[in-house]
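For reference, the structure discussed in these notes is given below.
The values are calculated or read from the model by the stated rules, or taken from the named source; none is laboratory data. All values reported here derive from a predicted model rather than from experimental measurement. All Cβ positions, glycine included, derive from the backbone under ideal geometry; neighbour counts span all protein chains shown.
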RNA sequence: GCCCGAGUGGUGGAAUGGUAGACACGACAGAUUCAAAAUCUGUUGCCGAGAGGCGUGUCGGUUCGAGUCCGACCUCGGGUACCA
């Protein structure tokens, strides 16, 4: 009896699947299709345990659906453009292209041994000219439909490196390399008109029945539909009125000042004319562009000296301030502040000594606002003070509507629906991305490139020794004749946001080598993605952009009608987290280390984590308290920060290759599916892999030691039927951990059963089948050992015998006052009255009643009995 | 700051508003062994000798009955438009 040897068994079955082209996706009109897709990975160079978890889940679905008779599409590719490749080129030399393709090769080599049921003939990388050339064709078609335009937008500008920084590269408002204070600077950028679809993208969320509610809620909040009032404040100096947008027009009587964004046209006028204003606005431009930086930073204001008239009382003048927390992108870039009912406005007014005026109170507590703004829910009734539209007691919602009606009738403002969603800025001043296929001509202006000239390929002869975009300083790449007039002209040097690459790859997989972005017949057959699987971190941007792209592609004839929502069902799996190990460089900035590069020792009750090299600093068997000091001096002492999402930049990643080498792919697969519910984050620890391995060994022995026979066993048949039902249910509801638990139970039941070999044989064959989506190699081996026909991968999914699932007696717990005090066995057909009678005859009930009548007797059929005394 | 989640034994976790802790890890005890590994069997939420009591982040509420529903809070995680 040989031991199960994954090292020889796994490659054997992988070769068998390859030879039989088991996972080749074919457009078979006679069969129903099933498209399962996991979010494709960024080729960082190594797969991590999170990838294994993600792709194993998709593989379980793909293999299960295939067993159920579907024609399955399960592709894989690489989200290959992006900053890390350029960073690597800067840090270690070399070229982003070589770095990326060698990473892809390495990761493919690490993934293949997992035995995933992927159709590798469809593989592509977004940095393949064949792919990004088609993306450029899409861009041109979008452009022709008016879905692309240019406007100014702010970027993070590093004044020392003279380059644009990504938000991630701005640390505490400073450039990551130069350490210089970052400035907000305006650049002309390319945009997709996603805002044309704001209402549509919001409304269509309702139809996404198989998406998690939390994702739909996040997207709805992100789109941020609001109804408010827009009107102008007349200036006392006769200048242009200041248009404001407010979602709380009902608080107009509590207005304290009018605030404008530092990027507001009026602010720019003042900047040119008034040195004090210019100094303040320069101050506002310091720091990064993120909403988080703006919201959490200190709120600063500047009194322009300009006054406006209150629209309801021409004698009431309000000052105009420039305030750094007002966004030019939202509404009109100007607001009025009502400090009594907005905490941020209140803090600002207290700081600059501006008035605070209450406009409404709690129904039974008319307490003036001091340091805490009164901000009840908009659905809560409040008591108004002198409301101009004649309100007394009303909710905020009613008040807003009444106010808009009042103002519209009076004619000095109008109700406006706004969306928070902004157009998608896709320009990046970087090399390693898809070139934007347009040409700048002195005579013709901005001209789209001709489709026959696509792909516009990136030049290979570039260097990364100095900061900035290598395309800008390339000697010849920019030079090209104008596609319109033929005169010498210059190429656009901006490349596309990598979110563009990932916004249509799912469509490209349906026909990955077509000479147009998609092939309609293939797209018609394979779209939509039936099950999309990926991280919750993509809940907003990637998924929203993809929804927009699908609409734009339907609009431009690249996808069929009905593909507007490209993902029928979405599952967001949790992240695999790990502690972060950190030391500091000479400038005190953090340096991160891989888990495999640190060592841990326990000194008394203290856990010390150090770099691997630290072992040399220590003496053999060192228990000295001076260790910490010595390690600190050598900068080998590691600071441990709590678990976070595994990310290459923080280096808190675990290499699954070790587990695969040691135990095999099936163990790794079984391990990542066990225990943790797929949607929840899981803290990675090394223990557990061994347990998975032991279990698989047990299942193998169970099969290998079986004799022959034609006996049957009713208990085993019952257990089999139950296992089929539960495991199937687990797979269909993404409860893989529950399927795994059920399989443990089933395997234990078989191994403990006293039934004959024939009965056990039947049970083990089903066990192998039920395990096959999770541990495909072991299952094939058992299947072939037990004389199963063909590949288990091609065997139809087992069906439970319903008759065996019916129970004739039920155990019902008896509660007394909600606490469990006993149980009774009743027939499944027992009437409520019979159950009541049996319950009242139970010892514990008689004892508790002491001869009295129960106050209440609750019988939930088949469930529980509660006696209330 | 704002939006969205999560919190249950020593650990990962299970539980259509209906027996809290399924299943597994670990630990402990035993069998086997010259011994160990492997394997197998059993015990294992906490307090208590026991009867019993207490237990799902904290506080409050709804209910015959709350891990589950509602309100407030605490902690951790994700997103926050140039990380992917």
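A few remarks follow.
- Subset of segment A:742-763 [touching a residue at least 12 places away in the same chain (Cβ under 8 Å) and under 39 Å from the mean Cα position of the chain (by Cα)]: A:742, A:743, A:744, A:745, A:746, A:747
- Test: residue in segment A:285-301 that is within 42 Å of the chain's Cα centre (by Cα), away from RNA strand B (no atom under 12 Å from the Cβ), surrounded by 13 or more Cβ atoms within 10 Å (Cβ to Cβ) and under 20 Å from residue A:357 (Cα atoms): yes
- Inclusion of residue A:220 among residues that are under 30 Å from residue A:541 (Cα atoms), within 16 Å of RNA strand B (Cβ to nearest atom), within 31 Å of the chain's Cα centre (by Cα) and not assigned by the TED database to the domain that holds residue A:316 is warranted.
- The helices (runs of 4 or more DSSP H) found entirely in segment A:772-867 that carry 1 or more residues being surrounded by fewer than 14 Cβ atoms within 10 Å (Cβ to Cβ) and more than 9 Å from RNA strand B (Cβ to nearest atom) are A:832-840, A:843-849.
- Residue that is farthest from RNA strand B (Cβ to nearest atom) [pool: residues in segment A:118-133 that are closer than 28 Å to residue A:197 by Cβ and surrounded by fewer than 22 Cβ atoms within 10 Å (Cβ to Cβ)]: A:133
- Subset of segment A:13-30 that is outside any loop (DSSP other than H, G, I, E, B) and free of Cβ contacts under 8 Å to residues at least 24 places away in the same chain - its residue that is farthest from the chain's Cα centre (by Cα): A:19
- Subset of segment A:492-522 (residues that are within 16 Å of RNA strand B (Cβ to nearest atom) and not in a loop (DSSP other than H, G, I, E, B)): A:495, A:496, A:498, A:499, A:500, A:501, A:505, A:506, A:508
- Checking every residue in segment A:582-598 against the condition of being at pLDDT below 95 and under 30 Å from residue A:28 (Cα atoms) gives zero matches.
Conditions tested, residue by residue: (1) closer than 16 Å to residue A:506 by Cβ; (2) under 25 Å from the mean Cα position of the chain (by Cα); (3) at pLDDT 95 or above; (4) not assigned by the TED database to the domain that holds residue A:567.
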position	(1), (2), (3), (4)
A:3	no, no, no, yes
A:11	no, no, yes, yes
A:47	no, yes, no, no
A:66	no, no, yes, no
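- Filter pass, residue A:562 being surrounded by fewer than 18 Cβ atoms within 10 Å (Cβ to Cβ), outside any strand (DSSP E or B) and modelled with pLDDT of 80 or more: yes
- Applying the set (1) in a helix (DSSP H, G or I); (2) within 30 Å of residue A:65 (Cα to Cα) to residue A:84 leaves exactly one unmet item: (2).
- Meets criteria (more than 10 Å from RNA strand B (Cβ to nearest atom) and farther than 30 Å from residue A:52 by Cα) for residue A:759: yes
- Selection status of residue A:471, in contact (Cβ under 8 Å) with a residue 24 or more places away in the chain, crowded, with 20+ Cβ neighbours inside 10 Å, in a helix (DSSP H, G or I) and not assigned by the TED database to the domain that holds residue A:124: yes
- Subset of segment A:668-699 (residues that are in a helix (DSSP H, G or I) and within 7 Å of RNA strand B (Cβ to nearest atom)): A:690, A:691, A:694, A:695, A:697, A:698
- Residue in segment A:192-202 that is part of a strand (DSSP E or B), surrounded by 15 or more Cβ atoms within 10 Å (Cβ to Cβ) and either at negative phi or at pLDDT 95 or above (or both) present: yes
- Positions within segment A:640-680 being at pLDDT below 80, crowded, with 18+ Cβ neighbours inside 10 Å and closer than 13 Å to residue A:53 by Cα, in sequence order: A:646, A:654
- Restricting A:497, A:522 to those that are out of contact with any strand residue (DSSP E or B) (no Cβ under 7 Å at 6 or more places or on another chain), modelled with pLDDT of 95 or more and surrounded by 15 or more Cβ atoms within 10 Å (Cβ to Cβ) reduces the list to A:522.
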